[in-house]
Every structure is written in structure tokens, then in C-alpha cells.
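Enquirer: Before we start, here is the structure in question, set down as C-alpha cells.
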Amino acid sequence: MTTKNIVKNLCALLKNKGTSLNIYSTKDFHAILNRERSRSDRTNHKFSLIVFDIGVSDKDMALARHLVDKINSRVRVSDDVGWFDKGKIAALLPDTSSQGAWMLADMIRTELKVSPSTLTFTVYSYPSQKRLAGNRHPESSRLNEDKVINVAKE
């Protein structure tokens with residue numbers, strides 16, 4: 001089964017389970033991510049991306065449904081939610097710092113009452129602190145600008 005078919009099946013499963021949030025397909029979400037990156041390059045406004053790793057089993061799909069509902073209750077109208085990759089749901093948060101994204105992701109996981117090992121996530125920010133500050137900064141899990149760019153172009 002191809003990744004495209006897996007994502008299509010996952011979207012159909014979420015829709016059939018009564019999830020109230022329409023989430024973008026991987027292709028559409030990456031197009032939105034590229035648009036936001038271009039906007040950020042023009043305006044120098046930041047954005048953050050939370051990528052939740054949910055897996056692809058039937059048990060994981062139950063978690064996905066609850067996660068999508070919880071994200072729906074927390075995101076703003078300006079935010080976008082979609083499939084980032086196989087087994088990964090992402091929230092694109094314009095004008096949001098990495099700290100704000102970490103707080104939101106932690107809050108969602110806490111409200112879902114799942115352990116950190118059950119629902120893992122990664123936060124990316126753009127543009128990088130290095131780019132904003134114009135100097136070298138220590139490695140952190142907050143940002144890898146090149147990774148966001150490369151993933152968005154794939």
C-alpha cells in the first residue's frame with residue numbers, strides 16, 4: 001500500500017468516525033506549509049509547526065480521532081491542521097513562537113490524558129533564531145529551518 005493510499009484511508013477513517021475537523025491531505029498541507037514559508041520570507045513573521053506522531057494501527061486511529069478533535073478545540077481560525085506524513089498529524093501556527101507551540105502541544109497531550117510515550121511530538125519554528133539573530137546559536141530541538149524547508153519541498 002502506498003503512502004498516498006494510507007493517508008487517503010486514514011482521512012476516510014477519521015471522517016467516518018465523526019471527527020468534526022476537516023484536516024488537509026499531506027499534499028495540500030505541504031502546499032500550505034510552503035505558502036506560509038514564502039509569506040514568512042517576505043514579511044519576516046515567524047510560524048511554528050507541531051508534528052504529532054500517532055502511528056498507523058487501528059488503535060492509533062482512535063487516538064488520531066481524539067487528537068484531531070482536541071486540536072480543533074484549541075487552534076485559531078488562522079491555523080491549519082493536516083497530515084504531515086504517514087502517521088503524523090501537524091498543526092501550522094502562524095505568528096506563533098516555538099515556546100507557544102510547545103505550550104499548546106503539552107496542553108493538548110495533557111488534556112488527552114496520554115503519556116509522553118503514547119503521543120510524541122516535535123516542534124519546528126521558522127525562521128530560525130539563527131536567522132533572526134544573525135549569529136550562531138546552540139543546537140536545540142526548537143528549530144531546524146532546513147528540515148522544515150526540505151520536508152515541505154518533498
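The values are calculated or read from the model by the stated rules, or taken from the named source; none is laboratory data. This is a predicted model, so every value here is computed, not measured. Because the Cβ atoms are built from the backbone with ideal geometry, glycine has one as well, and the counts that use them run over all protein chains shown.
Enquirer: Output the qualifying pairs, or none if there are none: Cβ atoms under 6 angstrom, residues six or more apart or on different chains, first residue in the range 63-85 and closer than 19 Å to residue 103 by Cα, second residue in a strand (DSSP E or B) and modelled with pLDDT under 90.
Expert: Matching pairs, first to second residue: none at all.
Enquirer: Further question on the same structure: Determine which member of the set 40, 48 is surrounded by 14 or more Cβ atoms within 10 Å (Cβ to Cβ), among the polar types (S, T, N, Q), in contact with a Gly (Cβ under 8 Å, 6 or more places away or on another chain) and more than 13 Å from residue 119 (Cα to Cα).
Expert: 48
Enquirer: Of all residues being exposed (fewer than 14 other Cβ atoms within 10 Å of the Cβ) and of a type in the set (S, T, N, Q) in the range 68-116, which is farthest from the chain's Cα centre (by Cα)? Just the residue, please.
Expert: Once the filter is applied, the top-ranked residue is 115.
Enquirer: Further, regarding this structure: Of all the residues that make up the range 91-106, how many are of a type in the set (Ser, Thr, Tyr) and not in a helix (DSSP H, G or I)?
Expert: Summing the residues that are of a type in the set (Ser, Thr, Tyr) and not in a helix (DSSP H, G or I) in the range 91-106 gives 2.
Enquirer: Next question, about the same structure. Under the condition of being of a type in the set (A, V, I, L, M) and over 14 Å from residue 112 (Cβ atoms), which residue from the range 51-67 is surrounded by the fewest Cβ atoms within 10 Å (Cβ to Cβ)?
Expert: The extreme case among them is 56.
Enquirer: Return yes or no: is residue 13 out of contact with any Lys or Arg (no Cβ under 6 Å at 6 or more places or on another chain) and modelled with pLDDT under 55?
Expert: Spelling it out, residue 13 is indeed out of contact with any Lys or Arg (no Cβ under 6 Å at 6 or more places or on another chain) and modelled with pLDDT under 55.
Enquirer: Test residue 70 against the criterion of being modelled with pLDDT of 90 or more and among the basic types (Lys, Arg), and give yes or no.
Expert: Spelling it out, residue 70 is indeed modelled with pLDDT of 90 or more and among the basic types (Lys, Arg).
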